[in-house]
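Have a look at the structure below, then the notes.
The values are calculated or read from the model by the stated rules, or taken from the named source; none is laboratory data. None of these values were measured; they are calculated from a predicted model. Counting neighbours? That spans all protein chains shown, and the Cβs are built from the backbone with ideal geometry, glycine included. Ligands, DNA and RNA are excluded from the accessible area calculation, which covers all protein heavy atoms including side chains. Shrake-Rupley method; radii C 1.70, N 1.55, O 1.52, S 1.80 Å.
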Amino acid sequence: MTAPSRWLIIMVGVAIGLNYIDRGAVSVAAPLIRDELGLSATGYGLVVSAFFWTYVPALIAAGWLADRVSVHRLMAAGVAIWAVATLLTGFAGGLLGLILFRLLMGVGEGVAFPCGSRMLAAVPEAKRGTANIALALPLAVGPLAGTLLGGLILTHLGWRAMFLIFGVMTLLWLIPWARVRPSEATAHATMPAVRYPELMACRSLWLMSLVHFSTSYALYFVIAWMPLYLVGVRGYDIGQMALLTGLFYLVQALSGTAVTLISDRLIAGGRSASAVRRAQMLASTAVASAGILLIPLSGGLASLIGALVVTAIGFGPVGAMLFATGQTLAGVGSAGRWMGVQSSFGNLAGITGPVATGLIVDSLGYGPAFALTAAISVSGALVFAFGVPRIAPVEWAPVTST
């Protein structure tokens, strides 16, 4: 079995980047949307959360489908759905419309990570972290591009035009994807996958899902609430907010790439893949948690930038490690459904987090919200440190198909 080509990996990475540009657009435009539509912090939290009401079950469904059908077609269908949902958000007239279009977006975006993990699971262990930069780097580059480009569009054309432009950009991805050979994208869907009862009984799956939840809670807190915090509490305008948030995502991207490349080099040089990935995850989570606590304590601009940089350095490597670890544990044949379940459980943070944060902000302010986020991040690191066993493929019982 051959590993996916560089072109295929690049196309998957671009899709994930567009995924995060589109889902994060509502956060970039939040100050203007809230003013025009009169949303409370709790109402805005519902809008952010609504995406995950359909995204979470879609991840499980896509994980099952990715192990059975053409990943090429499944990916194309998902991208088309979320692109249309993004475009339609520009026509929303109130809270209900925003929620409906976010629900549709969640259905489409649910295909991306299970499909990507299914294809990248064929990459050798010593190169897997680097390959998963295609899934993890866009978690920073997508919001970075969306924040900077979105801030520019917001300043000159308004928030509705931003959603229209982002939706069309995503639809254009389908043109080069059509040139990817379907046989290449689906070549890895021929190996038998573990049956779901055995998968769901795997302790490592649920421990990794808890770790995924804690890191997702913290990351989504930053993505969803940082723009509002910088504008509403720190008093920066839209342009300054875009630059500060963009700096965060830039450092996150650089940190994730550098640390992941170093980790793969260590593994290729003979170091234990399990030991390297474990140390990387624990160190990254500790740094990110410290940064989250520092942000509301920062005084002037310099200290705020320092806190944002520390947080971004910590978040950078986490995504690639979550995906690489899950793929290693699952094995090639079951990576789609494993990552579907792990990502689905992890993204429950997207349902609970924005609403909980909105309620806390409305009643207590941002300080306690930052503290809770850091505590959840630390709890995930403890689960990973003391619960997740050695990172090596699970020995599944022989299977045919399910």
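Observations, loosely collected:
- Principal-axis tilt of helix 318-330 within the chain, Cα atoms, nearest 10 degrees: 30 degrees
- Per-residue SASA remark: Val231, around 40 Å² accessible (1.4 Å probe; ligands, DNA and RNA not included).
- Take every Cα pair under 8 Å whose residues are at least 6 apart in sequence, average their separation, divide by the length of the chain, and the relative contact order is 29 percent.
- Solvent-accessible surface of segment 221-271, averaged per residue with a 1.4 angstrom probe and all protein chains in place: 41 square angstrom.
- Our note on the geometry: Cα centres of segment 151-181 and segment 293-309, 32 Å apart.
- Per-residue accessible area (protein heavy atoms, 1.4 Å probe) orders Val222, Val361 as Val361, Val222, starting from the largest.
- Segment 231-351: relative contact order as a whole-number percent, Cα under 8 Å and 6+ apart: 29 percent
- Helix axis angle, 138-156 relative to the chain longest principal axis, alpha carbon, degrees: 30 degrees
- Portion, in percent, of the accessible area of segment 1-112 that falls on carbon or sulfur, probe 1.4 Å: 72 percent
- Probe 1.4 Å, all protein chains present, accessible-area order of Phe163, Phe91, largest first: Phe91, Phe163
- Under 20 Å from a label point set 7 Å out along the Cα-to-Cβ vector of Val168, the amide N atoms of segment 70-88 belong to 79-88.
- Accessible surface of segment 217-354 [probe 1.4 Å, protein heavy atoms]: carbon and sulfur percent: 74 percent
- Whether segment 286-402 is rounded, prolate or oblate, judged on the alpha carbon gyration tensor where a/c under 1.5 counts as rounded: prolate
- Nearest-10 value in Å² for the accessible area of Arg68, using the 1.4 Å probe: 120 Å²
- Where segment 3-62 is the region considered: accessible area per residue in Å², 1.4 Å probe: 30 Å²
- With every protein chain in place and a 1.4 angstrom probe, the accessible-area ranking of Glu198, Glu395, Glu109, largest first, reads Glu395, Glu198, Glu109.
- Crossing angle, helix 159-177 versus the chain [Cα axis fit, 0-90 degrees, rounded to tens]: 20 degrees
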